[in-house]
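To start, the structure itself, in structure tokens.
No lab work stands behind these numbers, since they all come straight from the coordinates. Computed from a prediction, not measured in an experiment: that's the story for all the values here. Every residue, glycine as well, gets a Cβ built from its backbone with ideal geometry; the counts of neighbours run over all protein chains shown.
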Amino acid sequence: MSAPDLDRLRAVFDLIERHVEHRWNIPVRIQDVPDPFTGDLDGEQIMVDYDLDLENALFILIHLFGHTVQWNVSERGRAIAFAKPTAWTEEMLREVATYEDEAASYSLQLLHDVGVHDLDQWVSDFAACDAAYLVHFYRTGEKLAFRSFWKDAAPLLQPRPIPDFQPTQWLSRYQGTVI
């Protein structure tokens, strides 16, 4: 489990931040994000916690961009994001996993759109860890260490073309999401 070089992560973070802000007019704010979150979104802006290391900050930025796309193009995507059932069924967990994979696929497309093609495996591994963590938490209510779900060489994600969308403010994630 080796992270990409810090200089590479910084260059990609800066490139993505500028692209998201200029192409979609979505501000990327580095700020305090209330615990337990490491980032937040509202459909119109992306917030990344200022206390994150660069590797986590980059993943949060691109992943929350993927969810921003979903929230702005899919009422169902918003419904999944704000679901708070008392018990998660296996069907609901499969839907959450699909929702997470879709966001990660938009993340990968975002990287490709700015010419970054060398982080596909890293994004795939990180996204698989994130999805496994969430599904475990929703299934059991148990919060284990995030990286305990990491596995190298996850199946490679396929980039998903980013549809046209107009950023619109919905609720912030911590107002509706369980984790």
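List of remarks:
- Screening Glu95, Glu75 for residues that are without any contact (Cβ under 8 Å) to a residue 24 or more places away in the chain and farther than 21 Å from Pro167 by Cα leaves exactly one candidate, Glu95.
- Filter pass, His136 being out of contact with any helix residue (DSSP H, G or I) (no Cβ under 6 Å at 6 or more places or on another chain), more than 25 Å from Pro34 (Cβ to Cβ) and surrounded by 11 or more Cβ atoms within 10 Å (Cβ to Cβ): no
- Taken over region 109-123, residues that are crowded, with 20+ Cβ neighbours inside 10 Å and either β-branched (Val, Ile, Thr) or touching a strand residue (DSSP E or B) at 6+ places or on another chain (Cβ under 9 Å) (or both) amount to 1.
- Scan of region 17-46 for residues that are touching a Leu at 6+ places or on another chain (Cβ under 7 Å) and within 17 Å of Asp130 (Cβ to Cβ), ordered by number: Thr38, Gly39, Leu41, Ile46
- Failed criterion for Phe13 (all others in (1) in contact with a helix residue (DSSP H, G or I) (Cβ under 7 Å, 6 or more places away or on another chain); (2) surrounded by fewer than 18 Cβ atoms within 10 Å (Cβ to Cβ) hold): (2)
Per-residue answers, yes or no, for (1) of a type in the set (Gly, Ala, Ser); (2) in contact with a Cys (Cβ under 7 Å, 6 or more places away or on another chain); (3) without any contact (Cβ under 8 Å) to a residue 60 or more places away in the chain:
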{"residue": "Glu91", "(1), (2), (3)": "no, no, yes"}
{"residue": "Ala104", "(1), (2), (3)": "yes, no, yes"}
{"residue": "Leu111", "(1), (2), (3)": "no, no, no"}
{"residue": "Ala127", "(1), (2), (3)": "yes, no, no"}
{"residue": "Asp130", "(1), (2), (3)": "no, no, no"}
{"residue": "Tyr133", "(1), (2), (3)": "no, no, yes"}
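- Test for Phe37: is it touching a helix residue (DSSP H, G or I) at 6+ places or on another chain (Cβ under 6 Å) and in a helix (DSSP H, G or I): no
- The set of residues from region 104-122 being over 11 Å from the mean Cα position of the chain (by Cα) and either assigned to a helix (DSSP H, G or I) or not β-branched (Val, Ile, Thr) (or both) comprises Gln109, Leu110, Leu111, His112, Asp113, Gly115, His117, Asp118, Leu119, Asp120, Gln121, Trp122.
- Which listed residue is of a type in the set (Asp, Glu), under 16 Å from Leu93 (Cβ atoms) and assigned to a helix (DSSP H, G or I), from Asp125, Asp130: Asp130
- Qualifying residue in region 87-103 (condition: of a type outside the set (S, T, N, Q) and assigned to a loop (DSSP other than H, G, I, E, B)): yes
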